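> Quick one: the structure is below, questions incoming.
The values are calculated or read from the model by the stated rules, or taken from the named source; none is laboratory data. Computed from a predicted model, the values in this text were never measured in an experiment. Note: ideal-geometry Cβ built from the backbone for every residue, glycine included; neighbour counts use all protein chains shown.
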Amino acid sequence: MRREFELSLGDDLAHMVEYGYPPATGPSRRLPVDVYTSPERHRRELAAFAARPAAAVHASEIPDPGDFVTAQLGATPVIVTRNRDGTINALVNVCAHRGATVEHRPSGSQRVLSCDFHGWSYDLDGSLRSVTDERLFATERCERGLRRLACEERHGIVWVTVDPPDSSSPSAVPMTVREWLGDELDDVFGWLELDAMTMHATKDIDVACNWKMLTDGFLELYHLKFLHRNSIAPYFPSNLIVTILYGDHLATVLPKNRLIRHIAEQQRDEWQILEHLAMPFVLMPGTVVQWQAGHVELFSFRPHPSDPTRTLCRLSLLVPPHQASDTALCDRNWERVGDTIPGEDFVVAEQVQANIDSRAFTELQIGHSERFLLEHLAAVDRLVAATTPEATRDDDAVVIEPPALRTAAEI
Ligand code: FES
Ligand SMILES: [Fe+2]
């Protein structure tokens, strides 16, 4: 499968190079800025986030029994723990007694989870272990543990679904990670061997903009030779991009200059395509798995629980086994991704958000080569429609019509 994917991508790129690759002309669109500011839209998008798997932690962050990581997923504080038997739990990090936060640290290791308000304790799977002076609760027995959330370890990532649709409902959608990704994309992640990777570094970045403004940066290359002129632009041809749709998820393939040379100089059966490209997979909603010539940059975008103009980005560098011991190489890759995406894309996204908030302008203009921003927005709206109960829908909320084109591979 990997080889077929590589050769087919190589064929597409060779075709584009042969026939020229300035972006094909086509319709442009206007986009009201409300999609990045509307509190009502934000509330509905949060419900959509809660209904789909979110990349909470990398499995290699909690390798041993007792290891835990805490995360804020939408409005829900979450703790992910590794059990003594190696399985994983995702729990709401709120004490069943009177609601204090149980674990305050971002990560660590514990044999039991204990609340420092009145000392109740919980097992690693969230079940209630002890109640301080239990005789004080003589008539209302305490049995409730920490609330468990749906979670699954797949492709090396622990995916947590905070509020899965009621599976007994006729309109419920499938919720395993494979069903969410779709068979084809799940297979791609399989042969990319994401599950063999380990995490080299991670950091949380508070960004003052709407989460969609951050995913937008992965969906067009129009900005490459300007915004990234002093960083990565010299390594990529301008505007040569292949976009692949996997249902509501999108992959954007960005070949490096050296790949274009490689394709021209090598026989087809010698092609090593995946070593010479960047390929962000923009998963719906809010996760970007960016394949980067052999390693992966994982972006988990976590919208603020109430403010549409704030997002927490958890950025992690995942490395394959053969790179893990090369600390200097991993450090260089970590520095480069930090300089380029938070240092350039996120900075301009904050500028745009501030200008929108100032009411300096009310409409964005989206050119033909940026049309996958609209494709992504349309997918957000489909998800919102599928996950927001009819009774709570607001007909005034801004809804994006999908663009006319749905093309598997485009210049
Ligand atoms: S709130 Fe946790 S023990 Fe009381
Ligand atoms: Fe960028």
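> Of the conditions (1) at pLDDT below 95; (2) in a loop (DSSP other than H, G, I, E, B), F218 satisfies every one except a single condition; which number is it?
With respect to (1) at pLDDT below 95; (2) in a loop (DSSP other than H, G, I, E, B), F218 is out only on (1).
> All but one of (1) in a loop (DSSP other than H, G, I, E, B); (2) more than 29 Å from S306 (Cα to Cα); (3) modelled with pLDDT under 95; (4) within 14 Å of ligand 2 (Cβ to nearest atom) hold for L240, so report the exception by its number.
Answer for L240: the failing condition is (4).
> Is segment 12-28 home to any residue that is among the β-branched types (V, I, T) and either modelled with pLDDT under 95 or touching a Leu at 6+ places or on another chain (Cβ under 8 Å) (or both)?
Yes, there is a match, as at least one residue in segment 12-28 is among the β-branched types (V, I, T) and either modelled with pLDDT under 95 or touching a Leu at 6+ places or on another chain (Cβ under 8 Å) (or both).
> I'd like to know if segment 226-236 contains one or more residues that are closer than 18 Å to A379 by Cβ, assigned by TED's automatic domain parsing to the domain that holds D11, within 11 Å of ligand 2 (Cβ to nearest atom) and touching a helix residue (DSSP H, G or I) at 6+ places or on another chain (Cβ under 9 Å).
The answer is no; no qualifying residue exists.
> Of all residues being touching a Pro at 6+ places or on another chain (Cβ under 8 Å) and closer than 30 Å to L277 by Cβ in segment 29-47, which is modelled with the highest pLDDT? Just the residue, please.
Filtering first and then ranking leaves Y36.
> Within the group E143, E179, E184, E193, which residue is without any contact (Cβ under 8 Å) to a residue 12 or more places away in the chain, surrounded by fewer than 19 Cβ atoms within 10 Å (Cβ to Cβ) and either farther than 21 Å from E370 by Cα or in contact with a strand residue (DSSP E or B) (Cβ under 8 Å, 6 or more places away or on another chain) (or both)?
Criteria check complete, one pass: E179.
> Let me ask you something else. If we scan segment 244-253, do we find a residue that is surrounded by fewer than 17 Cβ atoms within 10 Å (Cβ to Cβ) and either on the phi > 0 side of the Ramachandran plot or within 16 Å of ligand 1 (Cβ to nearest atom) (or both)?
Within segment 244-253, one or more residues are surrounded by fewer than 17 Cβ atoms within 10 Å (Cβ to Cβ) and either on the phi > 0 side of the Ramachandran plot or within 16 Å of ligand 1 (Cβ to nearest atom) (or both).
> Here are the criteria: (1) buried (at least 19 other Cβ atoms within 10 Å of the Cβ); (2) at pLDDT 95 or above; (3) aliphatic (A, V, I, L, M); (4) farther than 18 Å from G338 by Cα. Tell me which single one M213 does not satisfy.
M213 satisfies all of (1) buried (at least 19 other Cβ atoms within 10 Å of the Cβ); (2) at pLDDT 95 or above; (3) aliphatic (A, V, I, L, M); (4) farther than 18 Å from G338 by Cα except (4).
> While we're on this one: Kindly evaluate T132 against the criterion of being over 29 Å from the mean Cα position of the chain (by Cα), outside the structural domain of A47 (by TED's automatic domain parsing), exposed (fewer than 13 other Cβ atoms within 10 Å of the Cβ) and away from ligand 2 (no atom under 16 Å from the Cβ).
Considered against the rule, which asks whether it is over 29 Å from the mean Cα position of the chain (by Cα), outside the structural domain of A47 (by TED's automatic domain parsing), exposed (fewer than 13 other Cβ atoms within 10 Å of the Cβ) and away from ligand 2 (no atom under 16 Å from the Cβ), T132 comes out as no.
> Right, something else. Go through S107, S127, S114 for me and flag whichever is touching a residue at least 12 places away in the same chain (Cβ under 8 Å), closer than 30 Å to L185 by Cβ and among the hydroxyl-bearing types (S, T, Y).
Of S107, S127, S114, the one residue that is touching a residue at least 12 places away in the same chain (Cβ under 8 Å), closer than 30 Å to L185 by Cβ and among the hydroxyl-bearing types (S, T, Y) is S107.
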